[in-house]
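Take a look at the structure below.
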Number of protein chains: 2
Amino acid sequence: MAIMVERARRDSSGDRMLAVLELFTVERPQWTVEAAAERIGVSATTTYRYFKRLTGAGLISPIAGASYALGPAIVQMDRLIQICDPMLRAARLVMTELVQRAAEGSTILLCRLFHDRVMCVHLVVGRGPQPPVSYERGRLMPLFRGATSKIILAHLPTRTLKSLFARHAAEIVEAGLGAGWEDFRRALARLRRAGACVTHGELDAGRIGIAAPVFDRERAILGSLSLVLPAARADEGVIARFQALTVAGAREIERAMANGSVSHQPSPARMKVAR
Amino acid sequence: MAIMVERARRDSSGDRMLAVLELFTVERPQWTVEAAAERIGVSATTTYRYFKRLTGAGLISPIAGASYALGPAIVQMDRLIQICDPMLRAARLVMTELVQRAAEGSTILLCRLFHDRVMCVHLVVGRGPQPPVSYERGRLMPLFRGATSKIILAHLPTRTLKSLFARHAAEIVEAGLGAGWEDFRRALARLRRAGACVTHGELDAGRIGIAAPVFDRERAILGSLSLVLPAARADEGVIARFQALTVAGAREIERAMANGSVSHQPSPARMKVAR
DNA sequence: GATTATTTCTCATACAATGAAAAATATTGC
DNA sequence: GCAATATTTTTCATTGTATGAGAAATAATC
């Protein structure tokens, strides 16, 4: 949740109520009113008011004594995303089919671009024993590392890339995406031309990532479909074959979105990204 | 989301920002600033401010043109619940094992009591073809209907039951849980004694629900474990056998919680419920 | 690169959030 | 079941910040 906190700090307005939500982390998933009050620097009275409102909205829920944890609205809204996100809807079946055809020990990921962050929104674990991938559903992925993110990055509008480069030049250089703007630009153009991105052990040691971009009807990038497989099983031929499968999967998702019972979410158009 | 809306209306304070979140429903999963402004009766300027804050917290995220949908923080926080809720952690394995032993066409549900609502937080679908259960993960369940809810209800503190009865007498009568307070009380006592609740087609026609209560270390009710199976496969003997399995599963969950790597969420004690 | 759509900024006003202490309500211990 | 304690809500005067209209800036579209 590091990024969320960082953003909150930047937010001009003193909206401390939403800051309460950001207190809930894996390290500390429950908070008392008192502890939260101290942490956000507000009186107990006001914190009681915040907790009451958040509880009313179902975002948090009381448990044990004076403690609160995240509440039912979170689960409810997550369901909404699962049901209504057209990309996720379309991808579900494609991913299940793809994983059957992939190597043993493979995992399929669907990642989505949210504004200027990438997150896994669906994951299918294939047959065969395997360690979990480190960026499971619900963890923000680094924007500049891993096949998944890189292939998305490669298809962001130039405007966006420029501002990203300005803000994250150091990270970009470190990730080996180019030493300067022109270099970066050329590296991404190469990825675009390839139609997919293959990385070796960038996020998880001993595993290969193969990612293909997923576009909306206006050809704007929505996210990516990735196949993660153990490096042990992969020679060049295998990689080439799975790359083709992944790209085909991405195209299938796009087709399913275009046809699909688009009853719920109409037409996702261009994605807005960091300025 | 009906209940959430209802609560919001009751809330004394004019916290219209959280009301924005409640606009996002299955029927309408994306909103423009303009539409939301009109709906909640606030100027466009203020609505832009709300949207900006919610976006900053990751609760919503811009897509297509002027539209917004639920954002990455929802998925993040849902992961937090999945990882940190001790009951859910403990139940995962138990449920997977239980579903193997259950009849074909069975589904296992883990439901949690949140304050005064019950919601499915984990679901495992067994082998064999079967229609989905109507209360999948993330949908609030009716408090007075279905085995899942009834067995939870039966173990709420008397105080709580009294206030629930006062507020929902009509519903309780309609659900056949008793015509008056004493009747209601006795019906619940019977359920408690039975140690489980079995219902026939109360939520889904043609299906039987078997639910066992799950308690925390202080013996306060946390939620329930349910087995849903097709009525076609169930005679009395089968039901008795699966009831035993379900109860055993609930006990196993409790044991796992007690032992379990309780690193994250310490000791969930007494559940606070509606006054 | 020009036009249009979307978002942010500015600023005066009013309304609502805030904190301390008291009152009410739950929870716990006996 | 009742007393003691912990937790939550209310009250009320004060300050502060949210609010809306329009202008300015920025981003999207052609």
Problem - Options B:18, B:54; residue that is at the interface with another protein chain (Cβ under 7 Å from one of its Cβ atoms), within 17 Å of residue A:57 (Cα to Cα) and part of a helix (DSSP H, G or I) - result: B:18
Problem - Residues of segment A:55-83 satisfying the condition of being on the phi > 0 side of the Ramachandran plot and aromatic (Phe, Trp, Tyr) - result: none
Exercise for the section: Looking only at segment B:28-48, decide whether some residue is facing another protein chain (nearest Cβ under 10 Å), under 18 Å from residue A:73 (Cα atoms) and in contact (Cβ under 8 Å) with a residue 12 or more places away in the chain. Expected result: yes
Handout entry: Matching residues, segment B:189-234, being out of contact with any strand residue (DSSP E or B) (no Cβ under 8 Å at 6 or more places or on another chain), within 19 Å of residue B:128 (Cα to Cα) and acidic (Asp, Glu)
Key = none
Handout entry: Pick from segment B:217-231, criterion more than 17 Å from the chain's Cα centre (by Cα) and touching a residue at least 24 places away in the same chain (Cβ under 8 Å), ranking: surrounded by the most Cβ atoms within 10 Å (Cβ to Cβ)
Key = B:229
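Filter segment A:113-125 for residues that are of a type outside the set (A, V, I, L, M) and at pLDDT 95 or above; which is farthest from residue A:253 (Cα to Cα)?
Initial filter on segment A:113-125 (of a type outside the set (A, V, I, L, M)): A:114-117, A:120, A:122.
Now narrow it down to the ones that are at pLDDT 95 or above: A:120, A:122.
Details: A:120: 16, A:122: 13 Å.
Going through the qualifying residues, I end up with A:120.
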Problem - Sole exception among (1) within 13 Å of DNA strand C (Cβ to nearest atom); (2) assigned to a helix (DSSP H, G or I); (3) buried (at least 19 other Cβ atoms within 10 Å of the Cβ) for residue B:35, by number - result: (3)
Problem - Selection from segment B:58-71 of residues that are in contact with a helix residue (DSSP H, G or I) (Cβ under 9 Å, 6 or more places away or on another chain) and facing chain A (nearest Cβ under 7 Å) - result: B:58, B:61, B:62, B:70, B:71
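Yes/no per residue for (1) within 9 Å of DNA strand D (Cβ to nearest atom); (2) modelled with pLDDT of 90 or more:
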{"position": "B:16", "(1), (2)": "yes, no"}
{"position": "B:21", "(1), (2)": "no, yes"}
{"position": "B:28", "(1), (2)": "no, yes"}
{"position": "B:37", "(1), (2)": "yes, yes"}
{"position": "B:49", "(1), (2)": "yes, yes"}
{"position": "B:54", "(1), (2)": "no, yes"}
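Over 22 Å from residue B:141 (Cβ atoms), at pLDDT below 95 and over 22 Å from the mean Cα position of the chain (by Cα): which single residue out of B:261, B:267 fits that description?
Numbers: B:267 fails: over 22 Å from the mean Cα position of the chain (by Cα).
The conditions single out B:261.
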Completion exercise
Filtering segment B:91-116 down to residues that are within 30 Å of residue B:159 (Cα to Cα) and buried (at least 24 other Cβ atoms within 10 Å of the Cβ) yields B:91, B:109, B:110, B:111, B:112, B:113, B:114
Exercise for the section: Could you tell me whether any residue of segment B:183-204 is within 30 Å of residue B:104 (Cβ to Cβ) and exposed (fewer than 13 other Cβ atoms within 10 Å of the Cβ)? Expected result: yes
Practice task
Of the numbered conditions (1) without any contact (Cβ under 8 Å) to a residue 60 or more places away in the chain; (2) more than 20 Å from residue A:79 (Cβ to Cβ); (3) touching a strand residue (DSSP E or B) at 6+ places or on another chain (Cβ under 7 Å), residue B:139 fails exactly one; give the number of that condition.
Solution key: (2)
Problem - Residue check, residue B:75 closer than 22 Å to residue B:153 by Cα, at the interface with another protein chain (Cβ under 7 Å from one of its Cβ atoms) and either at pLDDT 95 or above or touching a Cys at 6+ places or on another chain (Cβ under 6 Å) (or both) - result: no
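Specify which of the listed residues (A:229, A:203, A:188, A:222) is under 30 Å from residue B:52 (Cβ atoms), modelled with pLDDT of 90 or more and either within 16 Å of DNA strand D (Cβ to nearest atom) or not in a helix (DSSP H, G or I) (or both). Can you show your working first?
Numbers: A:229 fails: under 30 Å from residue B:52 (Cβ atoms); A:203 fails: under 30 Å from residue B:52 (Cβ atoms); A:188 fails: either within 16 Å of DNA strand D (Cβ to nearest atom) or not in a helix (DSSP H, G or I) (or both).
None of the others qualify; the one that does is A:222.
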Handout entry: Condition met for residue B:93 (among the aliphatic types (A, V, I, L, M), within 14 Å of chain A (Cβ to nearest Cβ), touching a residue at least 60 places away in the same chain (Cβ under 8 Å) and farther than 25 Å from residue A:141 by Cβ)
Key = no
Exercise for the section: Among what's in segment B:120-134 and is in a loop (DSSP other than H, G, I, E, B) and within 14 Å of chain A (Cβ to nearest Cβ), pick the residue that is surrounded by the most Cβ atoms within 10 Å (Cβ to Cβ). Expected result: B:133
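Quick one: which residue in B:117, B:137 is in contact with a His (Cβ under 9 Å, 6 or more places away or on another chain), within 14 Å of chain A (Cβ to nearest Cβ) and of a type in the set (D, E, K, R)?
Values: B:117 fails: in contact with a His (Cβ under 9 Å, 6 or more places away or on another chain).
From the options B:117, B:137, the qualifying one is B:137.
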Exercise for the section: Give segment A:78-90 a look and list any residue that's facing chain B (nearest Cβ under 7 Å), surrounded by fewer than 22 Cβ atoms within 10 Å (Cβ to Cβ) and without any contact (Cβ under 8 Å) to a residue 40 or more places away in the chain, or say none. Expected result: A:79, A:80
Exercise for the section: Scan segment B:153-205 residue by residue and report those that are among the β-branched types (Val, Ile, Thr) and either within 14 Å of chain A (Cβ to nearest Cβ) or more than 16 Å from DNA strand C (Cβ to nearest atom) (or both). Expected result: B:160, B:172, B:173, B:198, B:199
Practice task
Please give the number of the condition residue A:170 fails out of (1) part of a helix (DSSP H, G or I); (2) surrounded by 13 or more Cβ atoms within 10 Å (Cβ to Cβ).
Solution key: (2)
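The values are calculated or read from the model by the stated rules, or taken from the named source; none is laboratory data. Just so it is clear, the structure is predicted and the values come from calculations on it, not from any experiment. Every residue, glycine among them, receives a Cβ derived from its backbone with ideal geometry; neighbour counts consider all protein chains shown.
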